[in-house]
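Below is one structure; the comments refer to it alone.
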Amino acid sequence: MLEKLSAQLATPSYIFDLDEFEKRARLVKKYFGEKTGICFSIKANPFLLGRLPDVFDKIEVCSPGELTICEKTGVDTSKIIFSGVNKTLRDVQRAADDEVGTFTAESLLHVEMINGEGVKRGKVYPVLLRVTDVKGGSQFGMEEATVLDIIKNRDSYKGMEIVGLHYFTGTQKKKAKPIERELDYLADLIVRVKDDLGFTVNRIEYGTGLAVNYFDSNADELEEERLASISEKIRELSEKTELTVEMGRFFAAPCGYYLTKVIDAKTNYDINYVIVDGGLNQLKYDGQLQGMQIPNIVHLKNSDVRDGVKAWTLCGSLCTTADILARGAEFDSLGIGDILVFCRTGAYSVTEGMAVFLSREMPVVSVYSEKDGLTVIRDMLYSDVFNTPKL
């Protein structure tokens, strides 16, 4: 499939496999059960938003820019959970105009703004109160005592209804134990809130932070084992409240492919180097360390080179020695004109790189499905316009 699709695209480019994306979402749903809703955090890959599978119950939106993307792609705004640590009054007003399904409140200021806007408009907005990490806190959410105080005084808020809690402490959790402890904490918190404050927590949005394996040949197997290891606890909590599991990376990472072409090849002091037309400004793996860890890379042969298997250092187009995509990656007869496809780039890579560094071009973005074939959803962009001063 990749060889056929690559012939239709310029490089560098991304392909996001929509069938693979939906397959991953349905796998999560299978393990977590029908009572557990699933939410896609679009910061992982907003390009998937326009063709989001029906299996997703909610969409997490964390910025006014992401809200604009939702407006332009025509998503069902009732599915939106409008989150984010930096909300201005204008952001709240826009979200209210769009009739988003739920707001999250990460501070007392958020509570005041959302409630105030509700009172002003004669509306009552559903709100999830975000609880910060109980292991020591972070800039996200509020400590438990503050959340409990807001719930205690819930009758004073006429423009919002506290419908539940939001809890997410971080990403790339490889072990089940931290997630199980968080689920136990939430189950206990529900009981305490009911017993002490007479309040029923009707909903919980929980971000598992399940890890993705970028550098293992059996990544799919490891990730499914990870799903299975927490599924019982997830199902238990879903029996106690309306539970929605929010993830971004875990849903999107496996569906992405980054294509880049070999532009030059050389040997310096017995080390073989190739220069590709992409680079670290466009390719991002969590845990990537100066190219020391090698992801799954598919070699699509176009050149006439036939010189056997060699180890190569893969370098991008940036004028920095840090632009190393992989060291010691072995390929059979790699040559100028060949295409290298970096797998599992469906999450963050397309948005998290140093996109405008050195004013290089920004990749073509396309999606693929067996039903509709290949569709280009963003043409190549030239980033010099972002770096040119007004005179």
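The values are calculated or read from the model by the stated rules, or taken from the named source; none is laboratory data. Everything numeric in this text was worked out from a predicted model, so none of it was measured. Reconstructed Cβ throughout: ideal geometry from the backbone, glycine too, with neighbour counts over all protein chains shown.
Tell me the residue from I59, I69, I81 that is of a type in the set (V, I, T), surrounded by 16 or more Cβ atoms within 10 Å (Cβ to Cβ) and assigned to a helix (DSSP H, G or I), please.
Details: I59 fails: assigned to a helix (DSSP H, G or I); I81 fails: assigned to a helix (DSSP H, G or I).
Going through I59, I69, I81 in turn, just one is of a type in the set (V, I, T), surrounded by 16 or more Cβ atoms within 10 Å (Cβ to Cβ) and assigned to a helix (DSSP H, G or I): I69.
For the range 357-391, the candidate set comprises residues that are in a helix (DSSP H, G or I) and of a type outside the set (A, V, I, L, M, F, W, C); within that set, the residue that is farthest from Y14 (Cα to Cα) is N387. Restricted to the range 201-223, and to residues there that are surrounded by fewer than 18 Cβ atoms within 10 Å (Cβ to Cβ) and hydrophobic (A, V, I, L, M, F, W, C), the residue that is nearest to V191 (Cα to Cα) is L222.
Total residues in the range 309-320 satisfying the condition of being in contact with a strand residue (DSSP E or B) (Cβ under 8 Å, 6 or more places away or on another chain) and either part of a strand (DSSP E or B) or of a type in the set (S, T, N, Q) (or both): the figure is 8. For the range 240-252, the count of residues that are among the aromatic types (F, W, Y), in contact with a helix residue (DSSP H, G or I) (Cβ under 9 Å, 6 or more places away or on another chain) and either under 24 Å from G170 (Cα atoms) or assigned to a loop (DSSP other than H, G, I, E, B) (or both) is nonzero.
Scanning the range 49-60 finds no residues that are closer than 30 Å to G337 by Cα, at pLDDT 95 or above and not β-branched (V, I, T).
Taking the range 105-156 as the range and being more than 20 Å from R203 (Cβ to Cβ), modelled with pLDDT of 95 or more and among the charged types (D, E, K, R) as the test, the residues that pass are E112, E117, K120, R121, E143.
Among the criteria (1) in contact with a strand residue (DSSP E or B) (Cβ under 8 Å, 6 or more places away or on another chain); (2) outside any helix (DSSP H, G or I), the one P53 does not fulfil is (1).
On the basis of being of a type outside the set (V, I, T), surrounded by fewer than 16 Cβ atoms within 10 Å (Cβ to Cβ) and farther than 21 Å from E223 by Cβ, does D304 make the cut?
When the stated conditions are applied, D304 passes them.
When the residues of the range 357-375 are narrowed to those that are in contact with an Asp or Glu (Cβ under 9 Å, 6 or more places away or on another chain) and aliphatic (A, V, I, L, M), which ends up surrounded by the most Cβ atoms within 10 Å (Cβ to Cβ)? Top of the filtered list is V367.
Can you find a residue in the range 185-195 that is assigned to a loop (DSSP other than H, G, I, E, B), in the same structural domain as Q93 (by TED's automatic domain parsing) and buried (at least 18 other Cβ atoms within 10 Å of the Cβ)? Spell out the reasoning first.
Within the range 185-195, the first condition is being assigned to a loop (DSSP other than H, G, I, E, B), and the residues that meet it are none.
No, the range 185-195 has no match at all.
Among the candidates T200, T171, the residue that is within 24 Å of T102 (Cα to Cα) and free of Cβ contacts under 8 Å to residues at least 40 places away in the same chain is uniquely T200.
Each residue in the range 321-336 was checked for being surrounded by 14 or more Cβ atoms within 10 Å (Cβ to Cβ) and part of a loop (DSSP other than H, G, I, E, B), and 5 of them qualify. Are any of the residues in the range 27-43 touching a Phe, Trp or Tyr at 6+ places or on another chain (Cβ under 9 Å), of a type in the set (D, E) and modelled with pLDDT of 95 or more? The answer is no; no qualifying residue exists.
Flag: I162 does not match the condition of being assigned to a helix (DSSP H, G or I), in the same structural domain as F56 (by TED's automatic domain parsing) and either surrounded by fewer than 17 Cβ atoms within 10 Å (Cβ to Cβ) or β-branched (V, I, T) (or both).
Filtering the range 91-106 to residues that are out of contact with any Cys (no Cβ under 8 Å at 6 or more places or on another chain) and in a loop (DSSP other than H, G, I, E, B) leaves E99, V100, G101, E106. Pairing residues of the range 5-23 that are in a helix (DSSP H, G or I) with residues that are modelled with pLDDT of 95 or more and among the β-branched types (V, I, T), at Cβ distances under 7 Å and at least 6 apart in sequence or on separate chains, gives L5/I15; S6/I339; L18/V367; E22/V55. Taking the range 255-273 as the range and being hydrophobic (A, V, I, L, M, F, W, C) and more than 19 Å from E3 (Cβ to Cβ) as the test, the residues that pass are I263, A265, I271.
Pairs linking a residue in the range 250-274 that is touching a residue at least 12 places away in the same chain (Cβ under 8 Å) to a residue that is small (G, A, S) and assigned to a helix (DSSP H, G or I), with Cβ atoms under 6 Å and 6 or more positions apart or on different chains, are F251/A25; A252/A44; L259/S6.
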